[in-house]
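Presented below is the structure to which this report refers.
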Amino acid sequence: MNAGTLYLGAGFALVLTGLACALLRRNLLRMVLGFSIVDTGVHLIIASIGTLTGRTAPIIDDPALLSDATTLAVDATAVVDPIPQALVLTAIVIGVGVTALMLTYIVRLHDRAGTLDVRELRDLKW
Amino acid sequence: MIWLDALVCLLMIVVAVTATAVKNLVSAVIMVGVVSLLVSYLFLRMGAPDVAMTEAAIGAALTTVIFLIALRRTGEDR
Amino acid sequence: MTRKVVTLIALVAVAGLFLVLLRLGTPNELGTVSRHYVERGIAENRAANLVTSVVVNYRGLDTLGEVTVLFLSVTGAAFVLRRRERKPVDARASRASEIVQTGARLLVAPIMLFGVYIFVHGHLTPGGGFQGGAVVASGVLLLLLADRERELPHGLMAWLESLSGFAFIVAGLAGLWVAGSFLANRGVLPLGEWNRLLSAGIIPVIYTLIGLKVGSELAALLDVMMRGEAVAAGHGAARSGGGRRGGRTRGGKNRKKGGRR
Amino acid sequence: MNPVLFIAVPLGAAFLLPLVRRMGDRAARGLAGLTFAFVLAAVVAWLPALGNGAMLTVTTGGWPAPFGIALRFGLAEAVLIALSAAAALGSFGAVSSRAGRDATSGGVRGLVIVLLMVVGANGLIMTRDLFNTFVFLEIVSIATYALAATGDESRGLEAGFKYMFLGAVASAFILIGIAMLYRLTGTLSIDGIAESLMVGGAGAVPMFALGVVLLFLFAGFLVELKVFPLNGPAIDLYDGVSPAVMALTVATALNASVYAFWKLMPIFRAVDLTLVLMVIGGATFVLANLFALRQSRVRRMLGYSTSAQLGLIVMLMPLAHSGDVSATAVGLLLVNHTLAKAGLLWFAGSVGKQTLVEWKGVLAGSPAARLSLAALVLAIVGMPPFPGFWGKWDALVALSRGPHAWWIIPVLAGSLLEFIYYFRWLRLAHVPAEDAETKLEPTGSLVPAHAFGIIVLGAGLALSSRLVTSSTDAVLTLAGAGLVLLIAGQLPGRLLQFLSLAAVAASGWMLHQAGSLAPTSITGFFMLIVLFGAFTVVLAGIGTPPDRKRYHGLFLLLVASLVLLVDARGPLGFFAGWELMTWTSYLLVAQGQRGGRPAFRYMLFSGAAGFLVLGGILVALGAGVTTIGDFAHLAGPAALWTAILLGAGFAVKAASAGAHVWAPDAYTESPDLFSAFLSGVLSKMPLFGIVLFGTRLVAGADPALIGGTYGPGYALGWLGAITAIGMTLLAALQEDAKRLLAYSSVGQIGYAVVGFALLTPLGWTAALYHTVNHMIIKLLLFLAIAAVINRTGTRRMHEMGGLIKKMPAQYIAVLIGIIALSGVPPLSGFAGKWLIYNALIEKEWYFIAGVLMFASVIAFLYLFRLINTIFLGQLKPRHREVREAPAVFVVAQALLVFAIMGLSMFPDALLRVTTAMTAPFFGAAGVELAADGSVLVSLGYLNAFGVMAMVMGLFAVFFAWVLFLGPKTTKVGQLDIVMAAEEPPAPEEIHYAYDFYRPYKRAFAPVLRVSVERGWSRFAAVLSAVAEYGRRFYTGDAQTYLLYAVVFLGIAAVAVLSRLG
């Protein structure tokens, strides 16, 4: 087992934990908390895709990492994959946006209905 | 080193599961924040310092704060 | 009961799917696209931080979208809360203790400077607009926590928020104008020398704009989420004597937060 | 110009808007409006250049894909962006009116979110990068979540939260899928991924794992597409959120998601998801339409409808991708849905009524709004000429020719269910003003709804160029004149009728020039029927113009559709004309004072008839037919099923017993003039269908199959016979003159059906003769009754009486009409019935012949009442001032009387035509015509002129005897109640003519009427109960919905992965 697979597995475990929380806990805030765990897990999953054991971060601040100083080419076996990192950055920011909006919704729902139980949130159905 | 990582992963999952089960919502929120911090450590280990910073600042800190605000405003923080 | 059983079965099924994916494992080599970024990235953008290169230039449209999502969430949150009555609820304290306030005031400036440092150096070191912006916002959070009656400089924030976002688009259009491609880097500004502050063409400019934008957005988000209550609490605290107890709660919370950081 | 500006410009405007807001609300609104207008104008200006399939790929960041994110801009993208900008402009317009100005709209924040919604949609439409797809998907989703908080807050919040909760988890699934796809292929470019999955083939990528990856992506996207079983929160969203917002989301978020899914099809193709998508889509289409039946809230109903239509699109998508169905057809369905649904939602939002009951009568006072709503409803149910019709037709034809022909059944079933709730809504909105509980007080502008109605109509008309035939000039003249008259409804009715007459005459001339009026061709024969009927009815209308302002235009549109139908050159032309006829006549029926409910029934049965006909046509098309002539080449089961389905459709449309329940009300409650046309001409159209297709099917059929006594026609024969006798019995029991004629009309069509069912040349000759004869007679009778109703103001016969003195011309008309109809010598009906009996006996269908003869006898019962109750007896005091119908009206009737007399004396003239028409298909002539005009059949001969002379002679003798030798008559004033030997005017119960056939009624009515009606209402109740039970699936619990999604993922995994091994 390499490190990447470990992170991947941990991410899946987080997603499952969060999903269980979102499916089973009746409190709206806890449901969103579950989503938050799912989201964190997904970040871990994405990032783990770019993991390559024994390589450094894709920040080329040392000329030693350059394979050719004139063309500024970098040794492709020296650094980890930057793409998943860029994706996770985006995903994290989007995640916090969604979470914030869900929480404002809950705050407002609580103002109006005075409850945080998802089962009482059933005016619209059928 | 991978054993340390494995340990962190295990700890992270235990904290996450506890967060879903714990009675007190404030503790639950904080635990999720801790999970984020642990994930942030893992990012650092993966060679992703950018992501680690972001996860720590936004995933762990900011998200926890807005959760706490929401808890406060719904009176669930007691 | 049936519901729990069904849920568990469904979760087990999802777990099974995850196991299949886990058996795939993670790759051992860079893919074609990331290999290109790694091998040619410095030459093409002169940004030492390849992630920044990807975020701001190669996948710049994603980042623009990401900034948009944040802007949208904040606007949406304000939109959702727009009808919240400002009723004086309980008499929780609006002020933390004197020490916390003074400390906060002292800390805000360095925190914000640190945030600016992070996003200005986004193309060289880890971190960038999002991380720096978050740090800036945490400074604002500190201010809000220390003195909840404090009105943030909304005018300044609005200008910052709007203009930084607009400037991001203008920078993108500059690329379209010069190089025929939206958000293009090459040709808009000189690329400069690798690993210098003034390098990587328009990337640091854009990342700085992102930092300002994200910082003001996140600050606005915190403001939006806290403000209604802050104002309401302000009404209450002036009249009732219940402030101290609330103050303790508040202080306790701060401690917890502090501990986590 | 670079298409990236469609993202950058609105985004820049959105960023600037909070600042511009400081210059005032007006400035902010102006900026937003200008931005939408800019995008719309730029895209529309670009459209022509993209028409030839040109495709533009632009880079971002300065790097080509896969290193940078590429955007693509082609015709599909341009159309979708145009729709999103137009909807934004429309929603902006709808909210800019006074309703939007209140605090709830959220001011500048609302505008910012709308702008960002457009940004997200445009990006989602154009991007060719998988992760970028996710980012833009999040933008449209979050914009939707945020906008959910408009309108009624607690409902909106609830709906928004549920939608957001499921959407957020769906996004997580999508992200997992994207990450894993990147892991498998090393790229994020959609085209790159698809290529690498395809090139790699089975070896390079582990198929099983790939299946799992795609499932996550797939499940996430299906949530966005609002398909069963993941559509719960989406439907709640429609219920809870302001309709103007939902109109915006339909045209932006929803369309963009659909298109994004479409772009991913090449990736999904790596694992065969065709069956899964078809099952989900088909189930969604049927179930969502079924559940919509039970909705009492208009918005929720529209939500189910959206889900249903999306289901249809999802069902067709994999076929479109594999090329089995043209992608254009699916695109048309999407465009049609967008325009119509956005329009309907704006409409619903502006009217502001929540429940169906509250809608009752709201539009009664505003004809323009009614017309607009009707157009939008017709568009969304896929009626021609709207784009949805063309999309559905192309898709269904393609299905019928491919391996998925059985999937036509759910499509047709769902479409019929869709008819029910949409036209019920329309009916309620049409309830006349006096029953209305509320009046239309729009809370928002109806302009956007009207505009989209016009756009969808224009788009449809542009597509209708496929229908060009030699009669196009005439159709265009009629339709153009119809549209003009619809707009110019305020002009005096007499003038409008005069213009209509001119249009009918002009189109007749054009058809003559085009050679479409040759009477011995099927087309020419029925075209003459249409033109003659239209001409007479409009001529009469100059005398007594209908008071409904939209009547005139609609009537011309109906005539146009009939011309189109009769001149159809292929199955498409026939079906398009048929459906056009259906909805134009539906709207005309609804023009009646109490036409709403009858029109609704009319539409349901006509819709069912239409789908049966379509089913028959599709069976034939699936067997390789392309033109109507090709129907002769059908053989085996295809021929049989075509015949059965077409026959069933035509039987329903002809109101055959069992399906007759729509007819009496529709005939009765229509505008009086239109009733004449309905009975005289429209009821002949199913007969036209029988002739048009029947001749071909007979010509191609095995002679042994149709030659014997008891062939496939025998059942149809009994259906016709039962209709004839049943309707005749019921006609006798009516108090309402129009209803009496209605039953009579339906019964008489039964005779014609029997004639056609014989499948012999004589039977067909007779039936065609009867068709023409019945048209003339029913026109005459209905016109006479219309004149009487117009003058007396009542339809109830016992409230009339003694009108012979006041309206002698009408008396003569009715007298001649009933003699001709009853089939006694000497008038024209005799020849028709004589021929039919001959044909029946020749075929040895003795029982049916007996039934028909019995029916003919009973017909006297009601015919006698018409003349007796209305014209004879005592004049009612209130009718003392009644005058004869206007001269023009009488002229029109004189034409008809003249025709009857001509036909009575020279039936051979018409028989020559009908024989010539049918002979080529049977290879034998039905009758022989002697030089002296005698009609020779195998069992005997008829010389009509001789009969006429003989009867006239006898009558002259009898008349002379009465006049000169009979008892002296006493002249008595009509109001002399003693000498008139009548009860004094009294409550209706003791009027001698009231409930005249009470004893018969007691004997027959329960058997005939009630049981059929009860059968249909039981059917409706069962349907309703199924819908009620089924919709409980949507419990309203956010967690349950999430559970459905997870369970769905599991089931889909089993379904897909089990086939991967």
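Derivation of every value follows stated rules applied to the coordinates shown; laboratory data play no part. Since the structure is predicted, the reported quantities are computational estimates derived from the model, not experimental observations. Cβ placement follows ideal geometry from the backbone for every residue including glycine, while neighbour counts extend to all protein chains displayed.
Annotations
- With both labels modelled 7 Å from their Cα along Cα-to-Cβ, the D:THR520 to D:VAL957 distance reads 4.1 nm.
- In angstrom, the C-alpha Rg and Dmax of segment A:31-111 are 18.8, 64.
- Rounded Å value of the spacing that divides the Cα centres of segment C:164-206 and segment C:110-134: 18
- Only Lys, Arg (+1) and Asp, Glu (-1) charged, at Cβ; the protein assembly as shown dipole about Cα centre in debye: 3720
- Gain in span if fully extended, D:VAL357 to D:ALA327, counting 0.36 nm per residue against the direct Cα distance: 6.8 nm
- Calculation over all alpha carbon pairs of segment D:605-654 in 5 angstrom steps from 0 returns a P(r) of 6, 26, 30, 21, 12, 4, 0 percent.
- Highest average first, the peptides D:498-506, A:102-110, D:688-696 ordered by how many other beta carbon atoms sit within 10 Å of their residues are A:102-110, D:688-696, D:498-506.
- The distance between label points at C:LEU106 and D:VAL447 comes to 6.2 nm (points 7 Å beyond Cα on the Cα→Cβ vector).
- Cβ crowding within 10 Å, taken as a proxy for footprinting-reagent exposure, orders D:VAL1054, D:VAL824 from fewest neighbours to most as D:VAL1054, D:VAL824.
- If R0 equals 41 Å, the separation of the Cβ atoms of D:LEU939 and D:LEU815 corresponds to a calculated FRET efficiency of about 0.85.
- Extended-chain gain in nm, criterion 0.36 nm per residue less alpha-carbon gap, D:ALA699 and D:ALA1020: 111.6 nm
- Computed over segment A:1-51, the P(r) curve from all C-alpha pair distances, binned at 10 Å from the origin, holds 33, 41, 20, 6 percent per bin.
- Ratio of the Cα radius of gyration of segment D:722-881 to 2.2 N^0.38 Å, where N counts its residues: 1.08
- With R₀ set to 51 Å, the beta-carbon distance separating C:VAL170 from D:ILE487 gives a calculated FRET efficiency near 0.60.
- Relative to the longest principal axis of the Cα atoms of chain D, the long axis of helix D:207-225 makes an angle of roughly 60 degrees.
- Packing, taken as the mean count of other beta carbons within 10 Å per residue, orders the peptides D:914-923, D:532-541 from highest to lowest as D:532-541, D:914-923.
- Once the Kirkwood radius over Cα pairs is known for segment D:326-445, the Stokes-Einstein relation at 25 °C and 0.890 mPa s delivers a diffusion coefficient of 159 µm²/s.
- Each listed q (0.05, 0.07 Å⁻¹) maps to a log10 I(q)/I(0) for the protein assembly as shown, found by the Debye formula over equal Cα scatterers with no solvent: -0.48, -0.82.
- Shielding value for D:179-192 is 6, the average number of Cβ atoms from other chains within 10 Å of each residue's Cβ.
- With 10 Å bins beginning at zero, the pair-distance distribution over Cα atoms of chain B amounts to 21, 44, 27, 8, 0 %.
- Set D:LYS806/D:LYS876; D:LYS549/D:LYS805; D:LYS549/D:LYS778 screened for pairs whose C-alpha atoms are more than 23 Å apart: D:LYS549/D:LYS805; D:LYS549/D:LYS778
- Cα-based Rg / Dmax (Å) for segment D:470-591: 13.6, 41
- When the square roots of the Cα gyration tensor eigenvalues are ordered a ≥ b ≥ c, the ratio a/c for segment D:531-648 is 1.5 or more and a/b exceeds b/c, which makes its shape prolate.
- Simple point charges give the picture: +1 on the Cβ of Lys and Arg, -1 on the Cβ of Asp and Glu, and for chain D a dipole about the Cα centre of about 1380 debye.
- Our note on the geometry: Cα centres of segment C:20-35 and segment D:621-678, 62 Å apart.
- For the listed peptides D:454-463, D:373-382, a ranking on the average number of other beta carbons within 10 Å per residue, highest first, reads D:373-382, D:454-463.
- Degrees between helix A:3-24 axis and first principal axis of chain A (Cα, 0 to 90, nearest 10): 10
- Selected from D:ASN773, D:LEU554, D:LEU16, residue furthest toward positive end of dipole (chain D; charges at beta carbon): D:LEU16
- As computed over segment D:603-996, the Cα convex hull volume per residue (Å³): 144
- Volume per residue of the C-alpha convex hull in chain D, rounded to whole Å³: 175
- FRET E, pair A:ASP117, B:ALA21, Förster distance 22 Å, beta-carbon r, rounded to 0.05: 0.75
- Normalising the Debye intensity of segment C:110-176 to I(0), with uniform scatterers on Cα atoms only, and taking log10 at q = 0.17, 0.19, 0.29 Å⁻¹ returns -0.74, -0.87, -1.17.
- Helix axis angle, D:493-513 relative to chain D longest principal axis, alpha carbon, degrees: 90
- Listed pairs D:LYS341/D:LYS684; D:LYS684/D:LYS843; D:LYS360/D:LYS738; A:LYS125/D:LYS341; D:LYS226/D:LYS653 exceeding 29 Å between Cα atoms: D:LYS341/D:LYS684; D:LYS226/D:LYS653
- Calculated [θ] (222 nm, deg cm²/dmol) that DSSP helices of n ≥ 4 give over the protein assembly as shown, each run adding -39,500 (n - 2.57): -24000 deg cm²/dmol
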